[in-house]
Every structure is written in structure tokens, then in C-alpha cells.
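Worksheet: one structure, shown below.
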Amino acid sequence: MGNPILSLRKFFKRHLTIVFIPHTVNRPIKTTFTFSFLIFIALLWTGLTIWATYLTTKHIDYWRLKLDREMIKFKLLFFANELKKSQELLAQVKEKDQQLRELLEMKTKKAIITQKNVGQGGPSPSEQLYFQKLIEKKVHELDVKDLNLQVKALQEETRKQLASLEEINSFISYQRAVYNATPNMWPCDGNITSGYGFRVHPLTGMYEFHTGLDISNVQGTKIYSTADGIVKYTGWAQGYGKLVVIDHGFGYKTCYAHLWKILVKEGQKVTRHQLIGLMGETGTTTGVHLHYEVWIDGKITNPKRFLERDHFFSRRH
């Protein structure tokens, strides 16, 4: 075998001739290159190509990264402004919440007083100042961590406000239900002929306690339920004659006695102002009238305290 180094040197010294034959010139053009020169040119071309590719890729990555940064900055600024708007809106909601509580006098209610933290609070002046500085920062100074903290604080305030509004809704629903169950109207048109309390019985002459109000009028006068409720009893009772008893809930019950006709059935739901019967003189009575009773938590009470809230309501019907 020959010397490999010598063989390699001979290979690089070999020549390659390239002949160019132009169409306009009869004489051909010859160019001769050594293999070492061609290999150098090939390596140089490859290196330049790789370098150009590297620079191009780096340039593209730079502009892509710059564009991404600009988009992130824009989104952060937009998000910060939207966050500020949300805080302003939440502040308005909290103000309306407070106005509702004052309107409903909820601060005097025991259930509200025990819930000291519900619907109260909000960002402190220092927190508001901090957020204002955050909004006033330049775009490149915006911090995702700062915004994230503000978002969490806003979410917490929103949850508190939602709980407050739910509490107000429950309070209003409860008060509406209590109001609808309170017998606060006259059961019929007429005049009071015998009040609540001790009296001389018109038939027996005995001094005894009268458990309701007697309201007199002509036979057939319309009798109305004085509150929403469920009819618990219809029928005859000793001394009361034809009778309707309505359970209104929340401890309220009303009794309508001496009726001529009963127009409702046991178990029937009735509403305030609903016609339930007609005035008569059944049972122990000296004439046509309605004997009306109000019970609270199983104890008889003076119906007149409720009648005075809506005096002679039935006259408007």
C-alpha cells in the first residue's frame, strides 16, 4: 500500500477544467480549478449558508419575541383598566346595598346585627392608592403578580357582596311572607257593636270575656280573608254557628263566625282580600253580625290593633 497522505495530496492537486462555449463567440472559454479550491468554495458556501440561516432564525425569533412582549403588555394594560372598571362597578353595587339596608332599616334587625362582616368593608384607602398607582404605571412596568393580587381581592369582595345581596333578598322574602300572613285589614264592611275584652253578655247577662270583635251589617255582607293562608276548618261550632278558621302561618290564625254561607273548603289556599263567606246570624247571636277573632302563637289577641292598620279596607271594594 502507498502512503495515504501522499495519495490525498495528489487528489487535492488534481485539476478540473470547465469549458464554456458561448453562442456569439467561436472560441470556447476554459477555466481550470484544483480540487482543493472547489472543496474550499463548497465549505465556504456551506458555512455562509449555515451562518445566514442562523442569523435569519435569530432575527425572526427576536421580532416574534418582541411582538409577543408587546401583546402581553397590551393585554396587561387592557386587563388593568377592566379591573379598575370592575372595582368601580362593585363600589356602586355596595353603595346601593347600603342604601337598601338603610331603606329596609335592617340595622335594627337582630339577624343583621349578628352578621357584622356581611356586606361591609371594601378596599382600604391604602389599597385604593396602591391600585391607582398600579393603573398609572407605564406599560412595561405592569406586574402580573400585582394584577393577580387585585383580581383575587376583587373576587373576594364580589363574593362578600353576593352574600350580602342574598341576605337582603332573604330578608325581603321573609318580611313579605310575614306581611302577607299578618291579618292587617278589616274582614268586612260594618260597625263594631261589641269590642274585645270583658263585657256583659247580651243574652245571659253574665260578665264575661269577649274573645273577638263583633262587626254588624246586613245579611249577605261579604266576608274576606284578612291575610294569605290555608283554610283549616269550615263547619259548625257550638256558639259560633257556621265558622271558618284560617291558618296564616308565622303563628297567625283568624276565625270568622256566625256566617250565613261558607264559600271555601278545608285545605284550600286563600289570599288576602279573597271572599270566604257571607255574613249571617247562625249560632248564639242576637242579630246579623260577624264575630272575628285573631290568634297569635295559640293566644287570643285584640283584632282591633290590626284593623286600625287598614281601616274599613273593604269599603273600597
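Bear in mind these aren't lab numbers, they're just calculated from the coordinates by the rules spelled out. Given the structure is predicted, the values throughout are model-derived calculations rather than measurements. Glycine gets a Cβ as well: all are built from the backbone with ideal geometry, and neighbour counts include every protein chain shown.
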The extension gain from Asn148 to Ala237, computed as 0.36 nm times the residue separation minus the Cα-Cα distance, is 24.8 nm
What pairs in Lys66/Lys145; Lys96/Lys253; Lys73/Lys160; Lys242/Lys299; Lys265/Lys299; Lys84/Lys160 have C-alpha atoms more than 26 Å from each other? Lys96/Lys253; Lys73/Lys160
Charge sum, other residues only, whose C-beta stays under 11 Å from Tyr196's C-beta, Lys/Arg counted +1 and Asp/Glu -1: +1
Given Cα pairs under 8 Å that are at least 6 residues apart, what percent is the relative contact order of region 191-316? 27
Fewest first, what order do Tyr179, Tyr54, Tyr252 take by the number of other Cβ atoms within 10 Å? Tyr54, Tyr179, Tyr252
Around Gly277, which amide H atoms from residues at least 5 apart in sequence, or from another chain, sit under 5 Å from its own amide H, with H modelled in the peptide plane? Ile223, Leu263
If each K or R counts +1 and each D or E counts -1, the residues other than Glu166 whose Cβ falls under 14 Å of its Cβ total +1
Quick calc: nm separation of the 7 Å Cα→Cβ label points for Thr271 and Glu208 -> 3.9
Which ³J(HN,Hα) values in Hz, rounded to whole numbers, follow from the phi angles of region 255-270 under the Karplus curve 6.51 cos²θ - 1.76 cosθ + 1.60, where θ = phi - 60° and Gly and Pro get x? 10, 10, 10, 6, 6, 7, 9, 9, 10, 10, 10, 4, x, 6, 7, 10
Tell me, what is the FRET efficiency for Thr158 and Ala52 to the nearest 0.05, using R0 = 35 angstrom and their Cβ-Cβ distance as r? 0.05
Gap separating the Cα centres of region 66-98 and region 216-268, nearest whole Å: 61
Least to most buried among Ile230, Ile21 (fewest other Cβ within 10 Å first): Ile21, Ile230
For region 179-260, what ratio Rg/Rh do Cα atoms give with a Kirkwood hydrodynamic radius? 0.97
Just rank Trp186, Trp51, fewest to most, by other beta-carbon atoms within 10 angstrom. Trp51, Trp186
Give the calculated FRET efficiency between Arg14 and Leu65 to the nearest 0.05, with a Förster radius of 51 Å applied to their Cβ-Cβ distance. 0.55
Efficiency of FRET between Ala91 and Asn180 - r from beta-carbon atoms, R0 35 angstrom, step 0.05: 0.50
In square nanometres and to one decimal, what's the mean projected area of the convex hull around the Cα atoms of region 191-316? 7.1
